[in-house]
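Please read the structure below before turning to the comments.
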Amino acid sequence: MADESPADGPRGERSTVEPPKSFVDRANVTAASAAAFDDWPACWERAAAMVDWTEPYDAVFDGDRSGGRWFPGGRLNASANCVDTHLAERKTQAAIKWIGKRGERRTYTYLDLYHEVNEFAAGLRSLGIEEGDVVTLYMPSIPELPVAMLACARIGAPHNVVFAGFSAAALAERMERSESEYLVTCDGYYRRGNAIYQKNKADNARISVDHEVTDIVVERLDDESIKLGDATAYDDLLSDHRGEEVEPVSRRANDPLFLIYTSGTTGEPTEVRHTTGGYLAHAAWTSHAVLDLKPEDTYWCSADIGWITGHTYLVYGPLSLGTTTLLYEGAPDHPEKDRVWELIERNAVDVFYTAPTAIRAFMKWGTEHPDSHDLSSLRLLGSVGEPLNPSAWWWYHDHVGDRECPIVDTWWQTETGSILLSTLPGVDAMKPGSAGPALPGIDVTVVGPTGEPTGAAEGGRLTVETPWPGMPLDLDADAADDGWQYVTEDVARIDDDGYVTVLGRLDDTVTIAGHRLGTMELESAIAGVEGVAEAAIVDVRSGGPVDSVYAFVSTDERHEDEARLRRWIADRVESTIGEFAVPERVVFTPELPKTRSGKLLRRLLKDIANDGELGDTSALRNPEIVGEIESALSDRE
Ligand code: PRX
């Protein structure tokens, strides 16, 4: 394909690309319908109308621009909205299409999903689980995970999904913090052909949790040597409750639907509790307006359900709209590097939503992979998780979308629950490199260090200025002089058209395997290894399907056996956080680069690790260390 720009203008950050007419003509949200969305908070009634309520709400929003609650008085059930609602019209349509690690395929129609969710909900009840009890779900991307989420939602038990790659210690910590007495897990799963024994991790977590834990185990490995002990087998629970139906519990709009832990600067997991009404309305509306999902679509969100993207845009959003959602358990490059394109072709995927790091890996693997498949079923492409740089944007546009698909670069966070910034694909022009404007009904600005407005074009901390329906129950927002502010940890610029370009995060967090982790979490795990004096973690763009991190480590005394220390560090990270977080490289250095006041200059390490230009090193107390680190890094392990 010629590397020519389309008629819209030169390729680069400032060019704009109009959505293709073929898309605009069929888009869920048009320029006319978007224009009617300017009266806050009444405009959000439109999102609420996408959800079935068992009791109507008294007001769209109880409060003012300085805070309050969404849809007070309203009652609903999220499971009924994702399943029961669709039985009348699309009972036999696929709700979930699952492709397992070993190529297994399983399809759940909406009717199948209805039965399994009901039977599992009845099973949960029979184990004593009541409304308000927190149920921890610790499973990879297998259909039993969304079934369990929806069964919990049905009986009003908030779920607490813990990413399957987390260690026993990380699971135990999340169960302790949430006071969760119930755990649904699996005996294990396969990774690149090898069995991973998930139940061992779950058992170790149970031992270190202070309270009693009742557990249910999905048998996935087909391995008779695995003993369930006092756990209940998932399949037995289903067959004990075969054919039972559970009336969905009518939940208040502001009852929690689920909790999820995320990372901040403190090194401790932070609990975020999402509501039932506002969250579901926001998830459904953005799935409709931004991802343009229609019931007849097959839609693929490549995120793991363990993170917020999987919750909102693999489960709740698409299922509340009656779409077919694809759940893929495997790796993007296994068995071959064309796996993703093969799956899109074979399943005639209409909308594909992935992360920039995956797109960059696809680029590196080569255009021959997408080019060798018929991707003409695709109508829209999405991206989330970090800035989508213009070259990756264009590659995605040309080689995956064949220049026919708009791209939505969606900005949001675990805390926001759903998308806040994005172009509307049938309305707005796209600007590669920029996420786009705030969605209708959302107000954002940028502020300086003390919360004062700055010139938008100069940039500052991205700040949301009015409450939004998907906001969590205990959002850390500030009352400002003239209203309310949720100040994010992102730095951004806003152009004259209101398009926001996100530049990166301010706090010390890194993204590994698509997940935000605090550098402190990793550094304190490594610093716990005997012989380690100090550790600094930086993320690197490895060019693989997930980004990873390097650890720069200084030792107590000259350590003879670096290989052993390396192994200990890997073991420690695996046991405290999870194998996915093990640094790709450990680089030993006599000292870490510090300022005169003793502050670690992480930015410098990041530049070195990413082969970047080194910025100003004059602030360093120990500038000589830079050369040593560079040479340590160039010694291949
Ligand atoms: O820094 C922003 C980045 O991801 C952060 C949120 O991470 P997490 O809570 O793990 O949720 C990820 C999935 C929603 C944000 O603070 N981020 C997310 N989307 C974008 C982004 N940065 C730039 N552009 C985006 N589209």
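In contact (Cβ under 8 Å) with a residue 12 or more places away in the chain and over 24 Å from the mean Cα position of the chain (by Cα) - does that describe any residue in the range 156-179? Looking through the range 156-179, none of the residues is in contact (Cβ under 8 Å) with a residue 12 or more places away in the chain and over 24 Å from the mean Cα position of the chain (by Cα). Taking strands (runs of 3 or more DSSP E) as the structural unit, those lying wholly within the range 467-512 and holding at least 1 residues that are within 12 Å of the ligand (Cβ to nearest atom) and within 19 Å of the chain's Cα centre (by Cα) correspond to 483-494, 500-505, 509-512.
If you go through the range 12-47 one residue at a time, how many are of a type in the set (Val, Ile, Thr) and either in contact with a strand residue (DSSP E or B) (Cβ under 8 Å, 6 or more places away or on another chain) or at pLDDT below 90 (or both)? Before you say what the answer is, go through the steps one by one.
Here is the first cut: in the range 12-47, the residues of a type in the set (Val, Ile, Thr) are 16-17, 24, 29-30.
So of that shortlist, the ones also either in contact with a strand residue (DSSP E or B) (Cβ under 8 Å, 6 or more places away or on another chain) or at pLDDT below 90 (or both) come out as 16-17.
Residues that pass the stated criteria total 2.
The requirement of being out of contact with any Leu (no Cβ under 6 Å at 6 or more places or on another chain) and surrounded by fewer than 23 Cβ atoms within 10 Å (Cβ to Cβ) is not satisfied by Ala525. Take the conditions (1) away from the ligand (no atom under 16 Å from the Cβ); (2) surrounded by fewer than 17 Cβ atoms within 10 Å (Cβ to Cβ); (3) among the acidic types (Asp, Glu); Asp255 misses just one of them, which is (2). Restricting attention to the range 481-496, the residues that are surrounded by fewer than 17 Cβ atoms within 10 Å (Cβ to Cβ) and among the small types (Gly, Ala, Ser) add up to 1. Among the residues of the range 378-419, the ones that are among the acidic types (Asp, Glu), in a loop (DSSP other than H, G, I, E, B) and away from the ligand (no atom under 15 Å from the Cβ) come to 2 in all.
Which ones in the range 334-349 are among the basic types (Lys, Arg) and either over 14 Å from Ser302 (Cα atoms) or in contact (Cβ under 8 Å) with a residue 24 or more places away in the chain (or both)? Spell out the reasoning first.
Quick first cut of the range 334-349, residues among the basic types (Lys, Arg) only: 337, 339, 346.
Matches in the range 334-349: Lys337, Arg346.
Number of residues in the range 143-202 that are more than 20 Å from Thr275 (Cβ to Cβ) and in a loop (DSSP other than H, G, I, E, B) equals 13.
Kindly check whether there is at least one residue in the range 198-205 that is away from the ligand (no atom under 16 Å from the Cβ) and loosely packed, with under 14 Cβ neighbours inside 10 Å.
Taking every residue of the range 198-205 in turn, at least one turns out to be away from the ligand (no atom under 16 Å from the Cβ) and loosely packed, with under 14 Cβ neighbours inside 10 Å.
Within the range 598-622, residues that are under 15 Å from Ala551 (Cα atoms) reach no partner that is loosely packed, with under 15 Cβ neighbours inside 10 Å and aromatic (Phe, Trp, Tyr) with beta carbons closer than 9 Å at six or more positions or on different chains. Elements of the type helices (runs of 4 or more DSSP H) sitting completely within the range 287-376 and holding at least 3 residues that are in contact with a helix residue (DSSP H, G or I) (Cβ under 6 Å, 6 or more places away or on another chain) and either away from the ligand (no atom under 14 Å from the Cβ) or under 24 Å from Ile419 (Cα atoms) (or both): these cover 317-320, 356-365. Remark: pairs (first residue in the range 420-435, within 11 Å of the ligand (Cβ to nearest atom); second residue among the polar types (S, T, N, Q) and part of a loop (DSSP other than H, G, I, E, B); Cβ separation under 7 Å; 6+ apart in sequence or on different chains) = Gly433/Asn389; Ala435/Ser422.
The values are calculated or read from the model by the stated rules, or taken from the named source; none is laboratory data. Everything numeric here is computed off the predicted structure, so don't read it as measured data. Please note: Cβ atoms are built from the backbone with ideal geometry, for glycine as well, and neighbour counts cover all protein chains shown.
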